[in-house]
Amino acid sequence: MKIVLKIVSLFPILFLSGCKKHDTISFDGKTLIGFEAIKVAIDPKRPQYKWFYKTKITFKKDSVFIQKSPISVYKKDTLYSASDGGFYSYKGIWNDTNGKIEVNVIETNCNYCPESMQEIRKGVYQKVIRKKEYKGKRTNKGLNLNGIEFKS
């Protein structure tokens, strides 16, 4: 009888401990950095340089803030641009559903960026608001979003 009582009393403990999320890391207040390849030629005079956006993603509760700054890499040198490629700022929301991450943001500011315009009626144009969506998953070191590794 005592053995049965012990087994019955251990069952809820084992059941509840099995339901606990073990690998959940909070991103609240954290900033992760990743490098997104720029697919257009920024400086045609230097085709050997590889251009990237150094992308910083900062999480605050369910909000997310993204800063993108252009950099170029040649051999072991990293050059930070003063104006080439544009400096983008985004804000939006993020969601984590069973380890699947989704980030949806809109552009809030951009320095040295081309403007996209849309004609809303003959002769009247309106700025197109840029939107970005990142999808991915948690990794041991941070996140993988759209195939880009973001780490602290």
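Computed from the coordinates by the stated procedures, all read-outs in this text should not be read as laboratory data. Remember, predicted model here, so these are calculated numbers, not experimental data. Glycine gets a Cβ as well: all are built from the backbone with ideal geometry, and neighbour counts include every protein chain shown.
How would you order 139-150, 95-106 from highest to lowest mean count of nearby Cβ atoms within 10 Å? The partial results should precede the final answer.
Details: 139-150: 16.0, 95-106: 13.9.
So the order, starting with the most tightly packed, is 139-150, 95-106.
Could you order peptides 112-124, 30-42 by the average number of other Cβ atoms within 10 Å of their residues, highest first? All intermediate terms of the calculation are to be shown ahead of the outcome.
On the way: 112-124: 9.0, 30-42: 13.8.
The most tightly packed comes first, giving 30-42, 112-124.
Take each of the peptides 55-62, 85-92, average the number of other beta-carbon atoms within 10 Å over its residues, and list them starting from the highest. List each step's numbers first, then the result.
Numbers: 55-62: 15.9, 85-92: 18.4.
By packing density, highest mean first, the sequence is 85-92, 55-62.
Compute, for segment 83-152, the length of the dipole vector about the Cα centre, with Cβ point charges of +1 (Lys, Arg) and -1 (Asp, Glu) only. Units Debye, rounded to 20. Could you put the intermediate results ahead of the total?
Details: 13 positive and 8 negative charges, 44 e Å.
That gives a dipole near 220 debye.
If we count every other residue with Cβ under 10 angstrom of K135's Cβ, Lys/Arg +1 and Asp/Glu -1, where does the sum land? Walk me through the intermediate numbers first.
Numbers: positive: K100, K137; negative: E102, E133.
Residues close to K135 contribute a combined charge of 0.
What are the lysines whose alpha-carbon lies under 26 Å from the alpha-carbon of K122, with same-chain residues fewer than 8 places away excluded?
K131
If I stretch the segment between I106 and K132 completely, what's the gain in nm (0.36 nm per residue apart, minus their alpha carbon distance), one decimal?
Numbers: separation 26, 0.36 × 26 = 9.36 nm, distance 0.63 nm.
Here the segment from I106 to K132 would lengthen by 8.7 nm.
Once fully extended, how much extra length lies between S69 and K151, figured as 0.36 nm per residue of separation less the alpha-carbon to alpha-carbon distance? Provide the component values of the computation, followed by the final result.
Numbers: separation 82, 0.36 × 82 = 29.52 nm, distance 1.63 nm.
Here the segment from S69 to K151 would lengthen by 27.9 nm.
By how many nm would the segment from N95 to V124 lengthen if fully extended, with 0.36 nm per residue of separation less the alpha-carbon distance? Before the final figure, lay out the partial values.
Values: separation 29, 0.36 × 29 = 10.44 nm, distance 3.69 nm.
Separation in residues times 0.36 nm, less the Cα-Cα distance, equals 6.8 nm.
Can you work out the PRE-style zone for Y49? Point 7 Å along Cα to Cβ, and I want the residues of segment 95-128 with backbone N under 17 Å.
Of the residues in segment 95-128, 112-113 have backbone N under 17 Å from the label point off Y49.
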